[in-house]
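Some notes on the structure that comes next.
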Amino acid sequence: MNKTIYIILLLVAFVVVSCERNEEKIELTSALNGEWEVVAYLGDTPIHDGAFPLIISSDFPLKTDSITINDTSKYFWNFQVKVSADHENGTFETQKSICEHCSYGIGIKVFNGKIIDSDSIYLEIQFEDDETPYGNTYQLKGYRVN
């Protein structure tokens with residue numbers, strides 16, 4: 001009888017210890033999330049002198065199908081848009097999303113968005129309210145700040 005109680009107590013202790021380890025908070029992140037300093041180009045020509053901040057955020061790992069890209073500086077286009085994301089591959093794009101900052105809902109297209117070596121970013125972007133709607137493809141290139 002004592003052996004049975006001893007074995008049961010050992011099993012209970014093992015289960016309690018195992019449960020305590022599983023309760024440790026595991027923080028998952030995405031290579032897409034973060035603050036970036038980017039320069040906007042049209043062809044090989046920079047649009048402005050210097051870089052501006054771009055913030056990418058998501059509810060990763062809860063919502064792995066989209067991210068929010070936010071131009072916080074207002075130097076370039078003052079946009080915020082949700083785009084489709086592949087967190088595993090560090091890529092993102094959208095055929096057309098609606099700007100969340102703009103007073104009227106302009107369309108924005110994002111192509112070839114990618115994170116390179118976890119510290120560089122590249123994306124191509126077009127705007128419906130450009131002189132010719134979607135007529136210019138701007139390249140945003142930069143590096144991770146945080």
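Assuming 0.36 nm per residue, please report the length gained on full extension of the stretch residue 144 to residue 124 beyond their Cα-Cα distance.
Details: separation 20, 0.36 × 20 = 7.20 nm, distance 1.72 nm.
Gain on stretching residue 144 to residue 124: 5.5 nm.
Here the spin labels are modelled as points 7 Å beyond Cα on the Cα-Cβ line, and at residue 75 and residue 55 they lie 1.7 nm apart. Taking every protein chain into account, the 1.4 Å probe leaves residue 132 with about 90 Å² of accessible area, to the nearest ten.
Per-residue SASA remark: residue 145, around 80 Å² accessible (1.4 Å probe; ligands, DNA and RNA not included). Between the listed residues 125, 94, 142, the Cα displaced farthest toward the positive end of the dipole of segment 52-146, a dipole computed from Cβ unit charges relative to the Cα centre, is found at 142.
For residue 134, the solvent-accessible surface with a 1.4 Å probe is about 50 Å², rounded to the nearest 10.
Taking each residue as 0.36 nm, the span from residue 37 to residue 104 lengthens on full extension beyond its C-alpha to C-alpha distance by 21.5 nm.
Between the beta carbons of residue 117 and residue 137, assuming R0 = 22 Å, the FRET efficiency works out to 0.40 to the nearest 0.05.
The values are calculated or read from the model by the stated rules, or taken from the named source; none is laboratory data. Treat the numbers as computed from the prediction; the structure is a model and nothing was measured. Glycine gets a Cβ as well: all are built from the backbone with ideal geometry, and neighbour counts include every protein chain shown. In case anyone asks, the SASA skips ligands and DNA or RNA and just uses the protein heavy atoms, side chains included. Shrake-Rupley method; radii C 1.70, N 1.55, O 1.52, S 1.80 Å.
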